[in-house]
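Data block below; observations after.
Values in this text are rule-based calculations from the coordinates and carry no lab data. Small disclaimer: the values here were computed from a predicted structure and weren't measured. Neighbour counts run over all protein chains shown; Cβ positions are idealised from the backbone, glycine included.
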Amino acid sequence: MLGNDDWWRDAVVYQVYPRSFADANGDGMGDLEGVRGRLDYLAGLGVDAIWLSPFYTSPMADGGYDVADYRDVDPMFGTLADFDALVADAHAKGIRVIVDLVPNHSSDQHPWFKSGLRERYIFRDKPNDWESIFGGPAWTQVEDGQWYLHLFAPEQPDLNWDNPDVRAEFRDVLRFWLDRGVDGFRVDVAHGMIKAEGLPDVGPKDGPQAEMLGDEQVPYFDQDGVHDIYREWRPILDSYPGGRMAVAEAWVSSPERLARYVGPDELHQAFNFDFMMADFHAKSFRTVIEKALKEAELVGAPTTWVLSNHDKPRHVTRHGGLARARAATLLMLALPGSAYLYNGEELGLPEVLDLPDELRQDPAFLRRGESRDGCRVPIPWSADPGCGWRDPWLPIPAEWTGLSAEAQEDDPDSTLNLYRAALRIRKRHPALGGASSGTLTWLESAKDVLVIERDPGLVVVLNTGEEPVRLDWTGQVLLSSGPLETDGSVPPDTAIWFQR
Ligand code: NOJ
């Protein structure tokens, strides 16, 4: 509950993608009042915190990751007063609030860019060979012949972090939201703000640069200077009471590089995306879990676990079905550290694959043909044909009435109730509550099966093979992601929590 400075170490954080979460004013677009109206649902789910993706003033060229005013709420999402009411109500229910911070780039509609304050952006006479993550060149030319850098869409010019005014501005933006009571920040493109001296070319490569990111170092990501920024920010966070934290979205090439973002003088956490990218297979999971634990050891702080977010296909679809998604969820929620859930995963929502092209809004779709809209379809709340939405900004599949929160509410086997049960046990079980401190031991297992013991006596079994697995211990199944065999064996694509 509130008051514990280390709350984030084992927190379950629920990501709200505001456009798609809940719509209070009926305009087809989610809003802050909609989130406030669902706080009881979130408290009932058992999450410790929500992370709000950007709700700031934005022309929405990239779903709000193009910010035109870092200190205000876009009218489509409400007002600053709505934000304050949301924070107050969330805190009253024991839910903390993390907001997104987008420091690598602003919107091209930000007053700085519009009024031609070029020294606060990265302008050059000639472009280099850098490519946008969304595809195409990372440079756009303006009327007088100069080029500006945008690692993402052209509407998202990169800020110049060598400029002291930029640094001062973001220190002030941090304080603005901390003063309003936020409990932390999710730092967008946390590895991107500093570019290599002289902006050198990447050089020859086999495919699009976006495909090498995370495996190799490029001159625009993960540069040493970025750590100075976090060393400037950390004292600001620490000067506020109640454990204000920051988590980095940093795509880097190794756990050692990721560990550099975390520490008592930098950020509190960094997303461990390897877990999200792992295949549904015992071996892949074990490899990434061991890597993440190594990173946690390096920094002396627990890691984070993520299965889905607003940038990747939902894990029901990625892992090949709901049974697997539920099993992977039980694995994630039993691991030491904090877990980040993405809105709708508790309903077992799949990726929507058949959105008509003309409705897709992701700038990456227009430039690279890959779209993240399928994981951003609005959340089905009720079992009526509109799922509780009137004219939603992306169409909700007709069959989602059956996946709606209302339809799942009273079904003991629903995915919603699986998440609720898992979070309840996680909070109370001595091996999982304070999940950061417990130990993790790998037990011997058959091929394609993962068996982990969390001290004391909680065993997690995940069967990714084709045969049922017999359990040799005496004890009790606390929770199972799906039905067990009649003799108690764990079927394929199933995970259990077992107390021995
Ligand atoms: C990462 C965000 O998660 C993504 O949605 C966005 O497009 C880019 N950063 C650019 O801000």
Summing -39500 (n - 2.57) over every DSSP H run of at least 4 residues in the chain and dividing by its residue count gives a helix-only mean residue ellipticity at 222 nm, to the nearest 500 deg cm²/dmol, of -7500 deg cm²/dmol
Among A248, M212, G225, whose Cα projects farthest towards the positive end of the dipole of the stretch 165-290, with charges put on the beta-carbon of Lys, Arg (+1) and Asp, Glu (-1)?
A248
Suppose every K and R has +1 on its Cβ and every D and E has -1 on its Cβ; what is the size of the dipole of the chain about the Cα centre, in Debye to the nearest 20?
1120
J(HN,Hα) series, the stretch 220-228, from Karplus relation 6.51 cos²θ - 1.76 cosθ + 1.60, nearest Hz, glycine and proline x:
10, 10, 6, 8, 3, x, 5, 5, 4
Quick one: helix 322-333 against the long Cα principal axis of the chain, what's the angle to the nearest 10°, folded into 0 to 90?
80
Pairing the Cα long axis of helix 282-299 with the longest principal axis of the chain, what angle in degrees results, from 0 to 90 and rounded to the nearest 10?
60
Cut-off is 10 Å between beta-carbons; in what order do K283, K447, K195, K312 appear when sorted fewest neighbours first?
K447, K283, K312, K195
To the nearest Å, what is the center-to-center distance of the stretch 190-228 and the stretch 272-286, using C-alpha atoms only?
25
Give me F55, F176 ranked fewest to most by other Cβ atoms within 10 Å of their Cβ, as a rough exposure proxy.
F176, F55
What is the packing order of peptides 212-220, 344-352, 405-413, taking the mean over residues of other C-beta atoms within 10 Å and listing the highest first?
344-352, 212-220, 405-413
What is the stretch 401-500 by shape, rounded, prolate or oblate, if you read a ≥ b ≥ c off the alpha carbon gyration tensor as root eigenvalues and call it rounded for a/c under 1.5, prolate for a/b larger than b/c, and oblate otherwise?
oblate
So for the chain, if I pair up every lysine 8 or more residues apart or on another chain, how many of those pairs have alpha-carbons under 27 Å apart?
18
What does the net charge come to around R470 if you take all other residues with beta carbon closer than 10 Å to its beta carbon, with K and R at +1 and D and E at -1?
-4
Tally the DSSP beta bridges in the stretch 29-156 and give the antiparallel ones as a percent, rounded to 5.
65
How much of the DSSP beta bridge set in the chain is antiparallel, as a percent to the nearest 5?
55
